[in-house]
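The values are calculated or read from the model by the stated rules, or taken from the named source; none is laboratory data. Note that the structure is predicted; figures quoted are calculated from it, not measured. Methodologically, a virtual Cβ is constructed for each residue, glycine included, from the backbone with ideal geometry; neighbour enumeration extends over all protein chains shown. Ligands, DNA and RNA are stripped out before the accessible areas are found, and what is left, the full protein with its side chains, is counted by its heavy atoms. Shrake-Rupley method; radii C 1.70, N 1.55, O 1.52, S 1.80 Å.
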Amino acid sequence: MASSENQGLQIALIIFVMLTILLSVTTFMFFREYQEADERSRVDKGAATDAQKQMRDAVTEMEKVKEFIGVSPQAKLDDVRQTLDEDMKKYAATAPDESKFYHPALEFLFKTLEERTSELVAARLTIQQEKDEREKVENAKQEQVAAAEEHARKAEADLAEAKKEFDAERKRMLDDNEDLKKQLAKKNEDMSQLAETSKKTEEDLKGENKKLSTANVYLTEKIDVLDPTTGFEVPDGKIVWVDQQSRSAYINVGQSDGLKRQTMFSVLAGDEDVGDDQKTKGRIEVTEILGPHFAEARILEDRMTDPLVQGDKIYTPLWQPGRTDGFGIIGFIDMDGDGSDDRDMLRDLIRLNGGRIDAEDTKDGKQIGELNVNTRYLIVGEPPQDAAVLSKAFTTLGRDAQKLGVRPTSVSKFLDQMGWRNQQQTLVFGRHGNGGEIPPERRDGGPGQSTGSVSGAFKVRRPLGRRGLSGMDAEGSAPQKPRSAYGK
């Protein structure tokens, strides 16, 4: 029984201690909150006191301002504003709006008063000068009147003599006038004959010009048939070696031919001819000039079924070995089919590949530069929609091209011949295309396996050995395989 009582006391003691601790923590927390609330109360009272002081200072300053501008300290803001508007309307009506306040208005009125005072002083001085001048004029006037009377008497005598001479001169002039009429009639007759002769000559020249234009077109076409080297039908070089592993091709033109890096070429098969109906099998871009007649290019586009091989021809209308070609540009140029003007891109492309711009038209119909007999051809875009603009430089340059024998060509044909493609719209599938390497799939869904039997079109084509290359460097030795400038 004593043991049970001891356990009860222990439990009561534990509960008492826990309650004591809980009460102490609660009391401390309430005391802490009381202290924080008291501190905030003191801060708020201080802020309220400062705000009241600032309010009193502001009221005092406002009363002083009202006293300075001459209104009652008890006046309301609307009354002060009304007084200001009435004063500005009455005393500073001519002042600008930003000066219609008391201090700027006083400054404006003071400057205006100074200006008017200066004008008044100047006016008084001018009046006195005019008065003195008038007196001088009156004095001189009397002398002039006497002299005029004497002069009038003399003039009457001179008039009688002059009349006599005038009658004689009049008779002579009438006689001369009759002679001039006769000479004018003869001149008119001569001018009429000259006009008829000039009109006939002009008609003859127009007919002759038309004949010459027709003959020029005919002779240009005839020259193209008899001598293809005068047009675009001559390849600029050929491929002498292809490395499909590094996607590189080596061509037989180089530094001595005036070739530059980043020049692009379209590639034709060795048995294909360059022309309007040429079949392009790929395109390349020069990356490094390796010798007088040797350069490396990267393969931009080709087909797995018809890869670039030794002997393929390369061609671009922008460049010819050893010379700089000129071009003309007219019309709206859209190279990528997005409906926006790509004239700047076309200019950069021509200049980047070593060409020059001889002449072009502007959006408002003006002409920049002139075509000449050395201009290679005229790139023709879409004609302007505005008839007034169409009748200006677009038509003039087209007519000049016909007279000079400059060939016109469309934008698409020009870009195709030089090997340019819109990179944003081109997706090339295959081992090296931007479509990625897509392995064949088996029917069960797994990766395909080669059977080892392929058609002749897909046989591996290995490039000739380094000693088998033709048309190498200027010294005639076989070149070593260079390292590509693009790090391949």
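One residue stands out among those in segment 271-288 that are modelled with pLDDT under 90 and open to solvent by 40 Å² or more (accessible area, probe 1.4 Å): the one that is farthest from SER410 (Cα to Cα), which is ASP271. Among the residues of segment 355-371, those that are crowded, with 19+ Cβ neighbours inside 10 Å and closer than 11 Å to GLY331 by Cβ comprise GLU360, ASP361. Residue count for segment 372-424 satisfying the condition of being open to solvent by 30 Å² or more (accessible area, probe 1.4 Å) and among the aliphatic types (A, V, I, L, M): 6. On the stretch given as segment 314-357, residues that are in a helix (DSSP H, G or I), free of Cβ contacts under 8 Å to residues at least 40 places away in the same chain and hydrophobic (A, V, I, L, M, F, W, C) total 2. Of all residues in segment 359-369, at least one satisfies being in contact (Cβ under 8 Å) with a residue 12 or more places away in the chain, in contact with a strand residue (DSSP E or B) (Cβ under 9 Å, 6 or more places away or on another chain) and small (Gly, Ala, Ser).
Among the numbered conditions (1) under 30 Å from LYS89 (Cβ atoms); (2) loosely packed, with under 10 Cβ neighbours inside 10 Å, the only one that GLU143 does not meet is (1). Residues in segment 95-103 include none that are more than 30 Å from VAL59 (Cβ to Cβ), open to solvent by less than 100 Å² (accessible area, probe 1.4 Å), in a helix (DSSP H, G or I) and at pLDDT below 85.
What is the one condition in (1) of a type outside the set (Ser, Thr, Tyr); (2) open to solvent by less than 50 Å² (accessible area, probe 1.4 Å); (3) modelled with pLDDT under 85; (4) within 31 Å of the chain's Cα centre (by Cα) that LEU352 does not satisfy? All conditions are met except number (2). Considering PHE108, PHE166, the condition of being modelled with pLDDT of 85 or more and not charged (D, E, K, R) is satisfied by PHE166 alone.
The residue that is modelled with the lowest pLDDT, counting only those in segment 68-94 that are open to solvent by 70 Å² or more (accessible area, probe 1.4 Å) and part of a loop (DSSP other than H, G, I, E, B), is GLN74.
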